[in-house]
1. Scan segment A:61-102 residue by residue and report those that are farther than 29 Å from residue A:415 by Cβ and not in a loop (DSSP other than H, G, I, E, B).
2. Can you find, within segment A:392-416, the residue that is surrounded by the fewest Cβ atoms within 10 Å (Cβ to Cβ) among those that are within 10 Å of chain B (Cβ to nearest Cβ) and under 30 Å from residue A:284 (Cα atoms)?
3. Got a number for residues in segment A:186-207 being closer than 21 Å to residue A:108 by Cα and either within 14 Å of chain B (Cβ to nearest Cβ) or surrounded by fewer than 24 Cβ atoms within 10 Å (Cβ to Cβ) (or both)?
4. Considering segment B:591-601 alone, what residues qualify as being more than 9 Å from chain A (Cβ to nearest Cβ) and within 25 Å of residue B:618 (Cα to Cα)?
5. Could you check how many residues of segment A:519-559 are within 18 Å of residue A:590 (Cα to Cα) and more than 14 Å from chain B (Cβ to nearest Cβ)?
6. Residues that are farther than 30 Å from residue A:332 by Cβ, away from chain A (no Cβ under 14 Å) and at pLDDT below 85: does segment B:498-505 have at least one?
7. Right, residue A:42: within 30 Å of residue A:328 (Cα to Cα), within 14 Å of another protein chain (Cβ to nearest Cβ) and surrounded by fewer than 18 Cβ atoms within 10 Å (Cβ to Cβ) or not?
8. Could you tell me whether segment A:604-618 includes any residue that is more than 30 Å from residue A:329 (Cβ to Cβ) and either modelled with pLDDT under 95 or assigned to a helix (DSSP H, G or I) (or both)?
C-alpha cells in the first residue's frame, strides 16, 4: 500500500469549515483562548487535588471573563440566547483540560441552565448574570447516593411550611444524600436542589429549589447542611465533586424554580401540567442540554485521540520492506483498520451532533407560547441515544488509539492518560448509557405517546397491556415477509461490488424497523403467556437495547448522508462521501451477523462488505494526515508530545 | 428472574482448588502475605512518584525475604527449579498492587530469568542468589526507542576488543537508546543489555551481556552511561522505568551470557546454533516466561474487576419491581450479559493458562541434553497468543466492570482507577498484541517449520515463495467442500436447541482450519499474480490476525473442556461445565457472522446461540457471588470499598 500514489491534496480549511459548522467563529475563539500559555496543563498530574481544583476555578474565571459563558442565556439577562453557539464552544473546550470542561458544564450549563429552564423571569434576572460571570459558583444537586439514573425515585424532601412561607429541605437518610455534585466540595455557594415537593402532606413529585450552601469567603457549610468531599476519582480530579445532606434547611417560598409547579402564599400547589408523570418528564426534558453537551464533548475527545494516534502512525516506522526501508505503521492494513473506521465514525457523529444541537437550539429559541412539546419528545431520545453512542465511541477510540501508539502512548506526555481517565465517566454520568438506551427503546415502542409513563423498566412492560404494541406489530408486518429473501441487495451491473448510499440507508433503516417490531412482538407474547412482567422485560432487555442502538445508527447515518448531499465544494464533498461510506460500511459490517441471520444479505455480500471496508481504509490512508488536521486542534491545546503537528527536532 | 429459586449452594472451596491448581499452596501463601497491613495501598495515589517507587522497592524486599522469589531458579543456586510455582505466585501478586507485580517481574523474572536462561553455570551461581534476595537489583535492557517489538533490529552494539579481552557497548544514536527499562531510573545496579554482537568486524546478531550501571549506595550512573527517567506514565507509577545510553562502556569478555554464543580469548566467536536467525529465535524463545507471566497476571486482573462488579451488582438496587421492591441490578438480563460471559471467559483463560505454564515448566525441568526444541516451538505461539487474548480480555473486562458500577466505580476507592491504568500497558508490553498475533499467524502458516525465518511481516510474505502454503492448502482442501452445507449442526432429537460440547469444539476447530487455509491461499494467489510482497502481506494481514485469534480461541476452549472432563467432584464439574458452555457459546456468538458467511450454521441456529447465551447467563446468575468468591481474593488485597465481601455497616 506504500506504492499507492498520494492523492490530490485535500482542502483542509474547507473540510474544517464543514466540521465546525455555523459556529466556527465561536470555535476559533475557544481554540485561541485555550492556546494561551496560561491554560498549559502539563503539570496538573503533579498538582495535589485542591491545587488542581483551584487552578481549574482560575481557568474558569478566565473563560467567564470573555463573556462567552453568557452566550446561551436569554437576551434580557445579557446573553444572546444562542445555545448552539454555547455548545459549539463547549465542544471546543473538550480539546483541552477536561476538568475545566466539566467545571464549565457544571457552572454555566447545569447550574445556570437549571435556572434558565426551570426558573421564572425574576429568578433568571437575579441569578444568571452572576452565574455567567462566575461571581456566584453553584451546583446542580440532582443525583443521590441511592438513585442516579432513576431520578423519579429521589428521596430528598422539600416540605412547605405555611407558617413562615418556607420550604424545609431534608435528607431522610444516607441513601438520599446528594452525591457526585460538581462544585459542591469546594467552590459552590448555592445549589439547585432537586427534591420531592410536599405541600399540605401531599407529594407533587420532583421539583427544584435554590438553596444557599456557603457564605461568600467562607468555606464552611451553612447551618443544617453537611458537605463531604467525594474524594479521589479515577479522573477529573480538577472537579470538586461533593456530597450534601440537608437537615431542616429553610428557604423562602420564592426559592422554588416554579416554571412547572408553584406554591402560592396560602400554600396551594399549582402546575401548568396536570399529570405528575408528564410534569416530571417535561421538567427533565428541559435539561436535555447537558446530555447533548456531553455527547459533543465525547466526539471532541475522540478527535484528540485520533489526531495523536494517526500522526504517530505516520511517524513511527517498524519492520523493513524489501528495499530495507522501514515502513510507517500507518501503511499496514491492520493499523488502518484500527484507526480509520473510528475516524470515519467520528466525522459521522460530528454531523449527527450538529443536527441534534440545531434541533435543541430551535426549541429553545421558539417564541413564547409556541408548542414545542412534540419536538422536545423527538429530541429527547435522539439526545439520549447520541450521548450513549458517542461516549462509548470515545471510550473505544481512545483505548484503540492508546494501544496503537504502543509504549509511547503509555507515557503521560502522550496525552492518553488524561483522556482515558477523564472521559471514562462520560459513559455513566448525565444518564447511564444503558439506562439511556433503554429510554430510547421505550420511546420507540410507545411511538412518542402522549402518556409518557415513567422511566422504570416495568413501566415498559406495562405498555404491553395497552394497544401500542399491536399497532407497531401491524405497522411493520409487511416487512416480515421479506425475511425469506436471501439477499435484498442484488448486485447491479457495473456495480463492482460497491454498496450504494441508498442501499446502506435501506439496510440500516430496515434493521431498526425489524428490531423494534420484534421486540414489541416478544413483549406482547410474553405478557399474553401470563408471565411475570419483570421477567418478560428482563428477558427482552438486550433485544430492546439493540433496537435502541439501531435507531441511533440510523439517524447518525442519515445525518451524515444528508450533510454530504448539502456540501457544495466538490473536493470536500468527495472526501466526506468516502468517509460516510466507510462509516456506513463499518456499521453494517459490525451488524452483519444480524443481516445474515435475517436473510437480508447473502454470505457473499457480507464478505464483500468486509472487503469494501478494507478498500475504503486503503483509499483514505493518503488523506489520513489531512483528515485529522481538519479537526483543527492546536498543538498547545492537544498537549501531546507524540501528537504535535509541528515538531522541532526528533519526535522520537 | 428474581423469581428464580436459588440453586443448591456451590462448594466454593472445591471450585477455588480447581482454579488454583497444583500450586495452591504458593497461591495461599501470597494471599496471606499480601493481606499483611504493610501492603496496604490505599494511599499510593497520593504519594509522589519517587516515594511510591521506594515503597514498591520496600515491598519487593519483603517479598524477597520470604525466599519465594528464588523458587524458579535451579537447585544449585538455592532455588527449587519450580517455574510453575513461581508463576502461580506471580499471578496471585496480580491481585494486589500492580507496580509491585511488575517490579517482581522485572527483578526476579526478567533480570534473573535472563541470567538463568542465557547464562552459564558460573554466571548463575555468581548472580542468582543476589538477584533472588534483591541484594542486586537489576534490569532487562532489551527494548530500544526505535525498536520495541522488532527485537532483531536492535541497534545497540557490543564490539569485541581483543586487546583487553573486553566488549565495548555503544548506543549509536538516540533511536538505539534503551527505553522503558524497569528498575533503570532509580534502583537497578546492573543490567542484561541486548546488543548486536560484533567480533572481528563481523556481526553475529543480538546477544545479551551483563553491564554494571551504578555502584552500590550511589545513585549516579557509572562513567559512559547516561540514565534518564521515562517520567510520568499512564499507570504503574511505582515502577522506575528509564532510558539508557552507552558510550564506549567496557565489560570483560566473561560478561557475555554465552549459552547461545561465546567469544574465546583469541576473539573467535562460536555458537551451538549455526543459523543466526534460528539462534536469535531460540534465544528469544527462552524468554517466553515473561509473556506467560503477563498473560496470567491479566487473567488475575480480570478476576479482581469481576469480583468488584458482581458484588456491586448484587448489592446495588435500582428501579422497583411490581411489589415496590427495588431490584438488584444483577437481576437484569442486560447486566448479566455484560458480566457473566466475561466471568466464564476468565475461568476459561485460567485453565488455558494452567496448561501453558505446565508446558513451560516441563521444558525448563527437562533433563540436560533432552531435545525440547520442538516443544518450545509449540509453546511460543501458544504463549504469545494467550498473552494477547488474555490482556485484551483484561482491558475489556475492567472497562465493562467499571461502567457496570456506574458512579461508584469511578471513585478511586472502588479499585478500577488503578486496575485500568496499571493494566493498560499489558496489551503492548512484552510484545505488542498485534505483533504477537502476527507471530502466531505466521507459525500457523509455517507449521512449525525448521527454518524459523524472522519476525518481519515481509518474512511472512517470503514464505509464499516456498512450498509451505501448498501443503496447507492441500491439507485443508477437503474442508472446503463443506462450505456448501447450510448447517453442519443439524438439530438432534431431544436436543432442545442446545449445542453439545463436541459441536462447540467442532465449530471452533473448523474456523481455525478454514481461516488458516484461506489466508494461505490468498497469500499464494497474491504472489502468483506478481504483486508486491508487502502489499500482499498488508492486504492479508487482518485475515492472518483473525486466523491467529481463532487458533487461540480453539486451544483455550480445548483446555477448558479437557479440564471439565478431568474434574472428579460432581458439583464442581457441573458448574465448570456450565461455565465452559457459556464461554464456548460466547466465542461462537462473537464470530457467528463468520459461521453464517461460510454456511457453517443456519440463521436459525445462529439466533439460537444468542438465546443459549441468554439462558446460560440466567442459569449462572444464582451462583454469581460464589463464582467470584472462588477467585479467593482477600478483601485486604482487593482493596475495593464496593467490592469487599465483608462489609460492616452500609456499603452505600
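1. A:70, A:75, A:76, A:77, A:83
2. A:396
3. 3
4. B:601
5. So the count comes out to 9.
6. Looking for residues that are farther than 30 Å from residue A:332 by Cβ, away from chain A (no Cβ under 14 Å) and at pLDDT below 85, one finds at least one in segment B:498-505, hence yes.
7. yes
8. Yes: one or more hits.
The values are calculated or read from the model by the stated rules, or taken from the named source; none is laboratory data. Here the structure is a predicted model, which means the values were calculated and not measured. Cβ atoms come from the backbone with ideal geometry, glycine included; neighbour counts cover every protein chain shown.
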